[in-house]
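Can you keep this structure in mind? I'll have questions shortly.
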Amino acid sequence: MNTDNVTETEIHYRPINPRLLGNDFKFNFNLYYRTRVDGQLKYLKFADQSNQHKDKVLNLIDSGDLEEELFVREMDMVDYYQQATEVMQDFIVDTGISVKEKTGRVYDLSIDIMDQFFKYQAPANLLKMADPVMEMMDQVFSQKTVGFAGLGEILNKDYYTYTHSVNVGLYCMTYATKVGMSSGESRELGMGGMLHDVGKVTVPMEILNKAGKLTDPEFAEMQKHPEAGRDMLNSMGCFGNRISQMAYEHHEKFSGSGYPQGLHGEDISFEGRICKVMDVYDALTTRRPYKAPMTPFKALEIMNKDMAPEFDVSILKRFIQFLGEEA
Ligand SMILES: [Fe+2]
Ligand SMILES: [Fe+2]
C-alpha cells in the first residue's frame, strides 16, 4: 500500500520505546512525534530513514523520560520490533552480561510486544514476533540452566493478560526442556504458551478486567476466546497446528468438564494439557487487584487436591517434581 496517498486520520500510530532500538539502529521506518495543532492531535515526522536523524534520536534517548514521546505507524510495528530483536541478539551473546540480566531483557521485550497487541487490539501480525523472542529465550536458557526457580526470580507477578501470556510461554518452554523435548519442540511449546490467550483480544475490556464474578452472558463471551485464538493463529498461516491447538484447548479439563469442546482425557492434545497446568499455575501465583498471589506451595496444593480432576495428573506430578528439585 502506498501510504503517501492515505490521509493522516486513516493511519494509526503507536507509541514505542526508542531505547529498544539501541545505539546503532538502521531503521527502515519513520519515527513521529505528537503535537496539537488547532486543538487536533497531529503526528509529525521526527526522524526518517536517513542517517542524519540518528543523533536527534540518540539525544532524545539520553534526555530521559520518553513515555509517549515517539511513535511509529501501526504498519511499521513489526519492523520496529525486528530492529529491537536484532539489538537484543547482540546483547544475549555478550559473555560479560549475566544470564539473569539477559533473560530479564528478553522478557521485557516479550512483555512489550504482548502489551502492544492487547492494548491496541492487534494487528495480528505482531504475533509473529513470538518466534524470535522465544528463540532468544531458548538461546539464553541454553547458556545456563535457568529452570523454574530462575523464572520465578524474573517473572512479573502482577496479573495482566500480557504478562500472563509471556509467563505461561516460559513455563511451557521450561517444562518441555525439562522433559527432554528438542530445542525446536520446546520453542514451539513456548510460542503456544505465549499465544494461548490471544483470543482475549476479542473480549470486551470491561469483561476482561472485571473484578467480580462474571454474569452468565459475560462468561459466555469470555468462553469464546479459545476458538477466537485458534482462528486468529490459523488465519496467519505461519504457526503450526500444535500452537493453535494450545490456544483452542487450554480450557479443556481432563475430566471432560472444560470448554469449548468438553474434550476428555487424552483426547486433549499433550500440548493443550501442558498449557492447562501452566495457565492455572500462573493465574494462581500472580496478584490481581482483588486477590493476593498464592505461594507456589499453596497453588500446587490446591491444584493437586481440589482441582486435580482438571489436569493430566502425570504432567502435574512432573511439574511439582521439577519445582521441588529446584527449591
Ligand atoms: Fe484462557
Ligand atoms: Fe490463560
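Every read-out reported here was derived from the displayed coordinates using simple, explicitly stated rules and does not represent laboratory data. Since the structure is predicted, the reported quantities are computational estimates derived from the model, not experimental observations. Cβ placement follows ideal geometry from the backbone for every residue including glycine, while neighbour counts extend to all protein chains displayed.
Please report MET191, MET205 as a ranked list, fewest other C-beta atoms within 10 angstrom at the top and most at the bottom.
MET205, MET191
Could you list the chymotrypsin sites (Phe, Trp or Tyr not before Pro) in segment 261-303 that lie in coil according to DSSP, counting only those with at most 10 other Cβ atoms within 10 Å of their Cβ?
When the chymotrypsin sites (Phe, Trp or Tyr not before Pro) of segment 261-303 are filtered for loop state and at most 10 Cβ neighbours within 10 Å, TYR290 remain.
Same structure, new question: According to the square roots a ≥ b ≥ c of the eigenvalues of the Cα gyration tensor, what is the shape class of segment 198-253, taking rounded for a/c under 1.5, prolate for a/b larger than b/c otherwise, and oblate for the remainder?
The shape class here is prolate.
Take LEU21, LEU44, LEU214, LEU151 and order them by how many other Cβ atoms sit within 10 Å, fewest up front.
Result, fewest neighbours first: LEU44, LEU214, LEU151, LEU21.
Anyone know which of TYR32, TYR81, TYR171 comes out most mobile in the 10 Å Cα GNM of the chain?
TYR32
A further question follows. Rounded to whole Å, give me the distance from the Cα center of segment 186-210 to that of segment 7-59.
After rounding, the separation between the Cα centres reads 29 Å.
Still on this structure: First check a/c for segment 145-209, with a ≥ b ≥ c the square roots of the eigenvalues of its C-alpha gyration tensor; if it is under 1.5, answer rounded, and if not, answer prolate when a/b is larger than b/c or oblate otherwise.
oblate
Further question on the same structure: Between VAL99 and GLU185, what FRET efficiency follows from the Cβ-Cβ distance if R0 is 30 Å, with the result rounded to 0.05?
About 0.85, to the nearest 0.05.
Only loop residues by DSSP count here, and only those with at most 15 other Cβ atoms within 10 Å; note down the GluC sites (Glu not before Pro) in segment 19-105 that meet that.
Taking segment 19-105 and a limit of 15 other Cβ atoms within 10 Å, the loop GluC sites (Glu not before Pro) found are GLU67, GLU68.
Additional query: In nm, to one decimal, how far is the TYR33 label point from the HIS53 one, both placed 7 Å along Cα→Cβ?
With each label point 7 Å from Cα toward Cβ, the separation is 1.2 nm.
Label the chain by shape, choosing from rounded, prolate and oblate, from the square roots a ≥ b ≥ c of the eigenvalues of the Cα gyration tensor; if a/c is under 1.5 it is rounded, and otherwise prolate applies when a/b is larger than b/c, oblate when it is not.
The shape class here is prolate.
Report the trypsin sites (Lys or Arg not before Pro) located in segment 16-50 that are in a DSSP loop and have at most 11 other Cβ atoms inside 10 Å of their Cβ, or state none.
For trypsin sites (Lys or Arg not before Pro) across segment 16-50 that sit outside H, G, I, E and B with at most 11 neighbouring Cβ atoms in 10 Å, the list reads LYS26.
Also, I was wondering about something else. Please go through the residue pairs LYS291/LYS317; LYS100/LYS276; LYS144/LYS210 and name each one whose alpha carbons sit more than 30 Å apart in this structure.
The answer is LYS144/LYS210.
Another question, then. Measuring from a point 7 Å past the Cα of ALA220 along Cα-to-C-beta, which residues in segment 192-206 have an amide N at less than 17 Å?
203-204
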